[in-house]
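What follows is one structure encoded as C-alpha cells, with my remarks underneath.
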Number of protein chains: 2
Amino acid sequence: MADTAARSAVDLLTEARDLTDRILDQWAQRLRGEVAGRDGDALAYALATPGKRVRAALLLASYRAVGGESPAVAGVAAAVETVHTYSLVHDDLPAMDNDSLRRGRPTLHVVYGDGIAILAGDGLLTDAFALLAREPRPEPSAETDATLDARKLRVVRVVAHAAGSPGMVGGQAVDLQAAEARSTLDAEALDDMHRRKTGALIRASAVAGAVMGGAGEDAIAAIDEYARHLGLAFQIVDDMLDVSGASSELGKTAGKDAAAGKPTYPALHGLERSRRRADRCLTDAVAALEGAGLSGGRLAELADWVVNRTS
Amino acid sequence: MADTAARSAVDLLTEARDLTDRILDQWAQRLRGEVAGRDGDALAYALATPGKRVRAALLLASYRAVGGESPAVAGVAAAVETVHTYSLVHDDLPAMDNDSLRRGRPTLHVVYGDGIAILAGDGLLTDAFALLAREPRPEPSAETDATLDARKLRVVRVVAHAAGSPGMVGGQAVDLQAAEARSTLDAEALDDMHRRKTGALIRASAVAGAVMGGAGEDAIAAIDEYARHLGLAFQIVDDMLDVSGASSELGKTAGKDAAAGKPTYPALHGLERSRRRADRCLTDAVAALEGAGLSGGRLAELADWVVNRTS
C-alpha cells in the first residue's frame, strides 16, 4: 500500500474521531446536568473513552462513497460509536469478561461500581437510539423529510438488528458460555461468534452510511459484503495484536485472551495462517467494492489500514 | 366507579395481554432458534414473564381514543412491554435491587446467572427498538408509507427518551444511589425518582398510542398529561399494595421495600394521605382527558382501575 493511501486512511480516522468526539463531548456535558450524581459522571466517563472510531470512519467513508455530502451525518456516526461504547462497558463487567483496563483507563465498574456500570451501559444504548431517530435533523434545502425519515428508520432497524440478540448480544453470549464451560470453540464456531460479536456492528456502520447517503440496493449490498470481510479481518488482526502487542499500545490487558484460554485466531490457526487469512479478507473486501465501482475511495484505504495496522 | 366500567377496564387489560403475549411468544420461539444455548432460553424465559400489561393496555386505549383502528398496533404495544421487561431483568440483578422473585417466578439471574441476565436484558432492549422501527408494517389501504414512517420514528424517539438516561435509567440510578448511601429520599426527590423510573415509560406508552393513531398535537399533549397523573397514581398504589399485599398476590417479595429501608409513599406520607393523593391523581388524569374531549373511552376506566386495583 502506498504511503499516501495509508496517510489518507489515518486522516479519515482522525476526522471521524474529531467529529464524533465533539458530539459525544457536548452530549456528556448535557447528561451531567440532567442525570443525578455518579450516573451522570459515569456516562460522561464512558463517552470520553478514547477510541479509534473505526465504525464512525467506516460510516463516513461509505456515506461519501455513495455521494453523501452533509456533515450532519456525524450524528449517526456518534450513535453507532455509542452502541459500541455501551457494549464495552457491559463486556468488561465482572459477570462477563471481568476486565479492569480498557483503552488505557480503569474500566467503568472499577471506578463507579457494577450497578452504575450496568445502568450507564443501558443508558448509552437507549440514548443511541434516540440519537439515531433524531439525527441528522432535516435541512430545508436537502432531501424531503419523508426520504430522510425512511432512511433513519431503516438505520434504526439495521443497527438494532446488528446490536441485538441475533447479532452482538448473541455473539457475546456464545463467548460467555464457552468461557464458563471452559470449552474451546472450533474454527467454525469462532467465526460465527465474531461474525456476531464484532462483525455485525461493523457491517451495520458501513450499511448505515450507505443508506443515509441514498445508495441504491446494489451499492448497499456491495458495501455490506465489503464490511463483512473487513469485520473478520479486524478481529483476526486484533487477536494477532493481542499476542504481539504491549498493554500500553493496545490500551487493554495484552495477552489476556490467551491467558484466559479464550479462543483466538493465532491460537487456532497459528500467526502465519492468520496473517494470510487477514490478507485474503482484504482482497475480498476490495473485490466487493470493485464490483460496484466503489473501489476508488476511502473504503479500500480503510480496509488496508485495518489489515496492516500495528495497534 | 360502576361495575361495568371496571369490567371494561379488565376486558381491555385481558385483550392487551392476549395480543401482546401472542407476539412475544412467537418472538421467543424464533429467538430460541437464532440465539445459542442458555441465552435463547433466557430470552424466552424473560419474554414469558407473566405481567399485567398495563403499558400495552394504555397504548391500545390511547390509540383507539384518537381513532386508530388497526390491530397491527399490537406490535408497538409488544415493543413497549419488552422495554419494561428488560428493565425488570436488570433491576433485579444482585448489583441493583438484588431480588430473587418476580411475578411469582425466580428472577432471570437466579436461573441463568448474572452474565446471561445482563445480556438478555441488553438483547430485549435492543430488539424492542428493532420491533418499533418495523411494526406495524404498512397496509396498502391504510396511511401512506411516509406518514407511517414519520409516526414510527417519533415513537422511537419518545420511547428512547423515556427509557434512557433522562428517564427510566436515570430514575433507577437515583434509586440505586440512595440505597447505596442508605439515605432516604425526601418527598420531592421521591416524586422525581418515580417520575423517571416508572412514570416516563407509562407516559411514553400512552403518547406512542396517540402518535400511531394520528392524533393532533393537542390530543397528544392531553394524553401525555393524563398519563403523567396515571403514572404517579400507579406508583403510589404499588407502594400501598407492597405494605398490605401478600407475596403470592403481588408476585414479588411483599414488604421488601420497607424491609430494605426504601422510600415509599406510605412510609413518607402514611397510608391515608397516600390514598388521598392517588385519588387526586385520578381526578387530574380524567380532567386532562375531559379538556380534550377524550374522557368517554377506556382511558378513564383504565385510570380508575389503576387507582382502585387490589393487586
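The values are calculated or read from the model by the stated rules, or taken from the named source; none is laboratory data. For clarity, every value in this text was computed on a predicted model and none was experimentally measured. Don't worry about glycine lacking a Cβ; one is built from the backbone with ideal geometry, like all the others, and counts go over all protein chains shown. The protein model used for the area step is the full one, side chains on, heavy atoms only, and it has no ligands, DNA or RNA in it. Shrake-Rupley method; radii C 1.70, N 1.55, O 1.52, S 1.80 Å.
Name the pairs: first residue in region B:74-87 and acidic (D, E), second residue assigned to a helix (DSSP H, G or I), Cβ to Cβ under 7 Å, at least 6 apart or on different chains?
B:E81/B:T20; B:E81/B:R55; B:E81/B:A56
Which numbered condition trips up B:A9, out of (1) open to solvent by 20 Å² or more (accessible area, probe 1.4 Å); (2) more than 14 Å from every other protein chain (Cβ to nearest Cβ)?
Result: B:A9 passes all but (1).
If I go through region A:146-163 residue by residue, how many of them are among the aliphatic types (A, V, I, L, M) and either surrounded by fewer than 21 Cβ atoms within 10 Å (Cβ to Cβ) or more than 7 Å from chain B (Cβ to nearest Cβ) (or both)?
The total comes to 7.
Could you say whether any residue in region A:115-130 is more than 20 Å from A:V54 (Cβ to Cβ), free of Cβ contacts under 8 Å to residues at least 12 places away in the same chain, open to solvent by 10 Å² or more (accessible area, probe 1.4 Å) and not polar (S, T, N, Q)?
Among the residues of region A:115-130, at least one is more than 20 Å from A:V54 (Cβ to Cβ), free of Cβ contacts under 8 Å to residues at least 12 places away in the same chain, open to solvent by 10 Å² or more (accessible area, probe 1.4 Å) and not polar (S, T, N, Q), which makes the answer yes.
Which of the following residues is within 14 Å of chain B (Cβ to nearest Cβ) and either in contact with a strand residue (DSSP E or B) (Cβ under 7 Å, 6 or more places away or on another chain) or of a type in the set (D, E) (or both): A:L47, A:L108, A:L119, A:L88?
On inspection, the qualifying residue turns out to be A:L88.
Here is a list of conditions, (1) part of a helix (DSSP H, G or I); (2) modelled with pLDDT of 95 or more; (3) open to solvent by less than 20 Å² (accessible area, probe 1.4 Å), and A:L93 meets all of them except one; can you say which number that is?
All conditions pass for A:L93, except number (1).
Go over the candidates A:A233, A:A179, A:A222 one by one and state the one that is at pLDDT below 95 and out of contact with any strand residue (DSSP E or B) (no Cβ under 8 Å at 6 or more places or on another chain).
Residue meeting the stated conditions: A:A179.
Among what's in region A:288-299 and is touching a residue at least 24 places away in the same chain (Cβ under 8 Å) and not in a loop (DSSP other than H, G, I, E, B), pick the residue that is nearest to A:T198 (Cα to Cα).
In this case the residue turns out to be A:L299.
From (1) closer than 26 Å to A:G170 by Cβ; (2) polar (S, T, N, Q); (3) without any contact (Cβ under 8 Å) to a residue 12 or more places away in the chain, pick out the condition that doesn't hold for B:T107.
Tallying (1) closer than 26 Å to A:G170 by Cβ; (2) polar (S, T, N, Q); (3) without any contact (Cβ under 8 Å) to a residue 12 or more places away in the chain, B:T107 fails exactly one: (3).
For residues in region B:173-203 being aliphatic (A, V, I, L, M) and farther than 25 Å from B:Y226 by Cβ, which is surrounded by the fewest Cβ atoms within 10 Å (Cβ to Cβ)?
The extreme case among them is B:A181.
Which of (1) touching a residue at least 60 places away in the same chain (Cβ under 8 Å); (2) open to solvent by 10 Å² or more (accessible area, probe 1.4 Å); (3) of a type outside the set (S, T, Y) does B:P166 not meet, given it meets every other one?
(1)
For region A:12-35, name all the residues that are of a type in the set (A, V, I, L, M) and either away from every other protein chain (no Cβ under 14 Å) or open to solvent by 40 Å² or more (accessible area, probe 1.4 Å) (or both). First the steps, then the outcome.
Of the residues in region A:12-35, the ones of a type in the set (A, V, I, L, M) are A:12-13, A:16, A:19, A:23-24, A:28, A:31, A:35.
Scanning region A:12-35 gives A:L12, A:L13, A:A16, A:L19, A:I23.
Cβ-Cβ below 8 Å, separation at least six or inter-chain, first residue in region A:45-73 and in contact (Cβ under 8 Å) with a residue 60 or more places away in the chain and part of a helix (DSSP H, G or I), second acidic (D, E) and buried (at least 24 other Cβ atoms within 10 Å of the Cβ): which pairs?
Short answer, once both residue conditions are applied: A:R55/A:E81; A:A56/A:E81.
Test B:L230 against the stated conditions and say whether it is touching a helix residue (DSSP H, G or I) at 6+ places or on another chain (Cβ under 7 Å), under 30 Å from B:R275 (Cα atoms) and open to solvent by less than 20 Å² (accessible area, probe 1.4 Å). Step through it out loud before you land on a result.
On the way: touching a helix residue (DSSP H, G or I) at 6+ places or on another chain (Cβ under 7 Å): yes; under 30 Å from B:R275 (Cα atoms): yes; open to solvent by less than 20 Å² (accessible area, probe 1.4 Å): yes.
Yes, satisfied.
Residues that are modelled with pLDDT of 95 or more, open to solvent by 10 Å² or more (accessible area, probe 1.4 Å) and small (G, A, S): does region B:47-66 have at least one?
Yes; the residues of region B:47-66 include at least one that is modelled with pLDDT of 95 or more, open to solvent by 10 Å² or more (accessible area, probe 1.4 Å) and small (G, A, S).
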